[in-house]
Amino acid sequence: MSDAVPEPSQEVEVEPEYDPAAPAPLGVLRTPTGNAEVDARLERLDDADHLATDGHLEVYEDVHRGLRDALTALDARPEPLAPSPSYDQRAPSPSYGTRS
């Protein structure tokens, strides 16, 4: 039987070289808006963190288009409500003819 203890590994972890030209996350924190559609668009900005600068434009345009569509949807007017059955614009009110 051998009481030999294995020797610790002599491998040294090599840290990757810093490359200032490589894409790097900006680490910008975003506060959720509470609107799922808007929050999803803002999360898309994270995609730009891993792209070279020439790829940012596509992400920014996509986010801008989505946010613009969300704002446009807020401006959409709902169908007008039908007038209530008790309100008829063609007939004057009963008290109208009894004025003095």
Heavy-atom accessible area order for His64, His50, largest first, 1.4 Å probe: His50, His64
Could you give the length gained on full extension between His64 and Asn35, defined as 0.36 nm per residue of separation minus the Cα-Cα distance, in nm? 8.9 nm
Would you check the accessible area of Leu67, probe 1.4 Å, heavy atoms only, in square angstrom rounded to 10? 50 Å²
Please list Thr53, Thr33 from largest to smallest accessible area, probe radius 1.4 Å, with all protein chains kept in place. Thr53, Thr33
In sequence order, what are the phi-derived ³J(HN,Hα) couplings for the range 30-40 according to the Karplus relation 6.51 cos²θ - 1.76 cosθ + 1.60 with θ = phi - 60°, rounded to whole Hz, with x for glycine and proline? 10, 8, x, 8, x, 9, 4, 5, 5, 4, 5
Between His56 and Leu26, what length comes free when the chain is fully extended (0.36 nm per residue of separation minus the Cα-Cα distance, one decimal in nm)? 9.5 nm
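The values are calculated or read from the model by the stated rules, or taken from the named source; none is laboratory data. Since the structure is predicted, the reported quantities are computational estimates derived from the model, not experimental observations. Note: accessible area is taken over every heavy atom of the protein model, side chains too, but ligands, DNA and RNA are not part of it. Shrake-Rupley method; radii C 1.70, N 1.55, O 1.52, S 1.80 Å.
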